[in-house]
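**Student:** What follows is a structure written as C-alpha cells; I'll ask about it next.
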Amino acid sequence: QVQLVEWGGGLVQAGGSLRLSCAASGRTFSSYAMGWFRQAPGREREFVAAISWNGGTTDYTDSVKGRFTISRDNAKNTVYLQMNSLKPEDTAVYYCAARATITQSIPRTDYNVWGQGTQVTVSS
C-alpha cells in the first residue's frame, strides 16, 4: 500500500495560481488511480479532481473545470493539481487520495489511502 505526502499549499490572492504535489511511496504507484479532495471549515470533504492510472482520463467537479488541471508522473510517483484563477471559495485543506485500481472515481469512499492535507487559502 502506498503512503502519500502533499505539499504546495499556501496563501494566494484571488486570481493567482498554486500547484499542489502529492508524492507516493512504494513501487506500485502506477497501479493506483488518484484523486484530489478538499475540505473547508464546517463542510464535508468534497471531490475536486481525479485521474486514471496512466493519466488517460480525468474527472473534475464543475466548480473547478477550466481552472484546475490534474496530472501525474508515474516515473516520479507524483500527482499534481495545477490551480489557476483561484477564488476565495477554493480555500480549504486539500488532500490527495489513492485507490488500488486503474480507474478513477468520484466518491471519497472509493479511496483507501489519504495524505495529511495541505492548506490553501485564497484572499479576496
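The values are calculated or read from the model by the stated rules, or taken from the named source; none is laboratory data. All values reported here derive from a predicted model rather than from experimental measurement. Because the Cβ atoms are built from the backbone with ideal geometry, glycine has one as well, and the counts that use them run over all protein chains shown. Please note that ligands, DNA and RNA were not included when accessible areas were found on the heavy atoms of the full protein model with its side chains. Shrake-Rupley method; radii C 1.70, N 1.55, O 1.52, S 1.80 Å.
**Student:** With a 1.4 Å probe and every protein chain left in place, work out the accessible area per residue of the chain in Å², rounded to a whole number.
**Tutor:** On a per-residue basis, the chain sits at 50 Å².
**Student:** Loop only by DSSP, 15 or fewer other Cβ within 10 Å of the Cβ. Give me the trypsin sites (Lys or Arg not before Pro) in the range 22-103 that pass, ordered by residue number.
**Tutor:** Of the trypsin sites (Lys or Arg not before Pro), the ones in loops of the range 22-103 whose Cβ has at most 15 other Cβ atoms within 10 Å are R27, R43, K65, R67, K76.
**Student:** Follow-up. Given a 1.4 Å probe and every protein chain left where it sits, what share in percent of the accessible area of the range 10-124 is carbon and sulfur?
**Tutor:** 47
**Student:** Give me the distance in nm between label points sitting 7 Å out from Cα along the Cα-to-Cβ direction at T61 and E89, one decimal.
**Tutor:** Rounded to a tenth, the inter-label distance reads 1.1 nm.
**Student:** Fully extended, how many nm does the chain gain between S123 and K76 (0.36 nm per residue separation, minus their Cα-Cα distance)?
**Tutor:** This chain segment gains 13.7 nm when fully extended.
**Student:** Here's another thing I want to ask about it. Counting only other residues whose beta carbon sits under 10 Å from that of M34, what net charge do I get with K and R as +1, D and E as -1?
**Tutor:** +2
**Student:** Between T101 and S17, what FRET efficiency follows from the Cβ-Cβ distance if R0 is 41 Å, with the result rounded to 0.05?
**Tutor:** With R0 = 41 Å, the Cβ-Cβ based efficiency is 0.85.
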